[in-house]
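Participant: Questions regarding the structure given below will be posed in turn.
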Amino acid sequence: KKQVGSGIVAIVGVTDDGKAGLAVGVTEDLLKTWNAVDLVKAGAAALGGKGGGGRPDMAQAGGPDGAKADAALQAIEARLSAAV
């Protein structure tokens, strides 16, 4: 997040067995508008996960369907776009 300066970072990793892990980070200047937990939950739902959690600035989740990694990132992007 420090390298980003100001922004939101979302990363999805897929394991050899097809499961996915998702992490979302929100820089401090955007915390009044965005919450990483809310964003990670949107991505987790796309992965077939049931939640996720963490702090407002950094959250993580997982899901059983790593094939939907792109869909998870698109779900987060859609959440961001809907609020603009």
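Participant: What's the angle, to the nearest 10 degrees (0 to 90), between helix 36-46's Cα axis and the longest principal axis of the chain?
Facilitator: So the helix axis and the longest Cα principal axis differ by about 30 degrees.
Participant: By how many degrees, between 0 and 90 and to the nearest 10, does the Cα long axis of helix 69-82 differ from the longest principal axis of the chain?
Facilitator: Taking Cα atoms only, the helix is inclined about 30 degrees.
Participant: Let me ask you something else. Just from its helices, what would the mean residue ellipticity at 222 nm be for the chain, if runs of 4 or more DSSP H residues each count -39500 (n - 2.57) and the sum is divided by every residue, rounded to the nearest 500 deg cm²/dmol?
Facilitator: That calculation yields -9500 deg cm²/dmol at 222 nm.
Participant: Another question about this same structure. For the chain, divide the Cα radius of gyration by the Kirkwood radius and give the resulting Rg/Rh value with two decimals. Please report the intermediate quantities before stating the final value.
Facilitator: Numbers: Rg = 12.0 Å, Rh = 12.4 Å.
Dividing the radius of gyration by the Kirkwood radius yields 0.97.
Participant: Another question, if that's okay. When only Cα pairs under 8 Å and 6 or more residues apart are kept, what is the percent relative contact order across the chain?
Facilitator: 29
Bear in mind that the values in this text are calculations on the coordinates, not laboratory data. Only a predicted model underlies this, so the values are computations on that prediction, with no experimental measurement involved.
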